[in-house]
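Taking it in order: structure first as structure tokens, then the write-up.
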Amino acid sequence: MKISTNKLSHLQPEQLNAWATEAINRSKSGQIPAYIPLLAQADRQVFAVQIRAIDGQILSWGSTAQTFPLMSVVKPFVLLYLLCTLGEKAVFDCVGCDPSEMPFNSLTQLEIDQGKPRNPMLNSGAIALASLLPGKNAVERCQNLQTWLNQQVNSQLFVDELMLDSVNAMPNQNNWDLALEMVQSGYLQNSAIALETYNRLCCLSGTVDDLAKLGMVLVNGGEAIAEHCRTVKALMATCGLYEASARLALRVGIPAKSGVSGAMLSVIPGEGAIVSYSPPLNKEGNSVGGLFLLEQISKALRLSVFD
Ligand code: GLN
């Protein structure tokens, strides 16, 4: 029998079962955010994970049929799409590429930076990038990204309209303030359409299987987009978990992106992708259970990119 050199495919189901069970236990210390009413109703105990190795092996555990909104996990894909369609200059004229020590929705950070979003993984950065998407309105812009992504890997991402209604039911003043600051500084033209697009993008939803397939684009998307995938992975590693990113580089050493829904995507160059969904968050807005699981897998299989 040929033994795979793919470290990620050596993970045993029993081991995953033990860690996932412990991750659910640890997630009890986390909080479910209240500012999106429908998200606040999420089941605290729900847990789903999929691990996809580059050699084709797939290991899944938990509520794998459960769909969830990507929220901020959509940000790396907005970035990738725009890098592929508009190129690096257009993207980085609009957003920076430096990490931030401030929270994902910090207006202070944007003010310090004179209205230029510090990086594409922050709300400010994603709102600015939403305004670059092709399409005459928010529906078309989001549809263009959705179609492009689904065509890449045969995933089934869809806009969760009920979630979007819930997002719109409680207008997010903080995101409005970010958009207005960017309009004033000239980094954004139309704040209303940018925010409407951003909110729709955040409500793109799917299962751990959909998200893991998409994560594999970043791992082995092919020569034509390899350079852009490298850029996205580097920004996930430095900025993906917000102010916890540097700490996670030491403890875990894997590019990752979290979302306020409790979704988390991790991509291991040359190895594969790990996707988890577990709603309770820590104070930085990252999934408690997802982080725990990722750390265990990374340590046991020596997956840190710095190993
Ligand atoms: N829609 C969310 C917001 O703007 C997404 C942020 C996140 O997932 N961290 O607050």
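The values are calculated or read from the model by the stated rules, or taken from the named source; none is laboratory data. Since we're looking at a predicted model, the values are computed, not measured. Positions of Cβ are generated from backbone atoms using ideal geometry, with glycine treated the same way; all protein chains shown enter the neighbour counts. Note: areas computed on protein heavy atoms with side chains; ligands, DNA, RNA excluded. Shrake-Rupley method; radii C 1.70, N 1.55, O 1.52, S 1.80 Å.
Here are the numbers for the structure shown:
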read-out: From Gln146, Gln50, residue being under 17 Å from the mean Cα position of the chain (by Cα), of a type in the set (S, T, N, Q) and closer than 18 Å to Ser266 by Cα; value: Gln50
read-out: Residue in the stretch 229-243 that is out of contact with any Leu (no Cβ under 6 Å at 6 or more places or on another chain), over 18 Å from Leu79 (Cα atoms) and within 16 Å of the ligand (Cβ to nearest atom) present; value: yes
read-out: Breaking point among (1) of a type in the set (A, V, I, L, M, F, W, C); (2) under 30 Å from Val219 (Cα atoms); (3) within 16 Å of the ligand (Cβ to nearest atom), for Val153; value: (3)
read-out: Residues (more than 16 Å from the ligand (Cβ to nearest atom) and of a type in the set (A, V, I, L, M, F, W, C)) located in the stretch 194-213; value: Val208, Ala212
read-out: Residue ID - nearest to Asn6 (Cα to Cα), chosen from residues in the stretch 16-33 that are open to solvent by 80 Å² or more (accessible area, probe 1.4 Å) and more than 14 Å from the ligand (Cβ to nearest atom); value: Arg26
read-out: Hey, Leu250 within 21 Å of Tyr198 (Cβ to Cβ) and either in contact with a Gly (Cβ under 9 Å, 6 or more places away or on another chain) or of a type outside the set (Asp, Glu) (or both) or not; value: no
read-out: Search result, residues across the stretch 195-225 that are in contact with a Leu (Cβ under 9 Å, 6 or more places away or on another chain) and among the hydroxyl-bearing types (Ser, Thr, Tyr); value: Thr197, Tyr198, Ser205
read-out: Residue, nearest to Lys299 (Cα to Cα), within the stretch 232-242, restricted to residues that are surrounded by 19 or more Cβ atoms within 10 Å (Cβ to Cβ) and touching an Asp or Glu at 6+ places or on another chain (Cβ under 9 Å); value: Leu241
read-out: Scan of the stretch 73-108 for residues that are touching a residue at least 24 places away in the same chain (Cβ under 8 Å) and among the small types (Gly, Ala, Ser), ordered by number; value: Ala90, Gly96, Ser100
read-out: Listing of helices (runs of 4 or more DSSP H) fully contained in the stretch 123-223 that carry 1 or more residues being open to solvent by 60 Å² or more (accessible area, probe 1.4 Å), within 21 Å of Asp113 (Cα to Cα) and at pLDDT 95 or above; value: 173-185
read-out: Tally, over the stretch 257-272, of residues that are of a type in the set (A, V, I, L, M, F, W, C) and farther than 18 Å from Leu235 by Cβ; value: 1
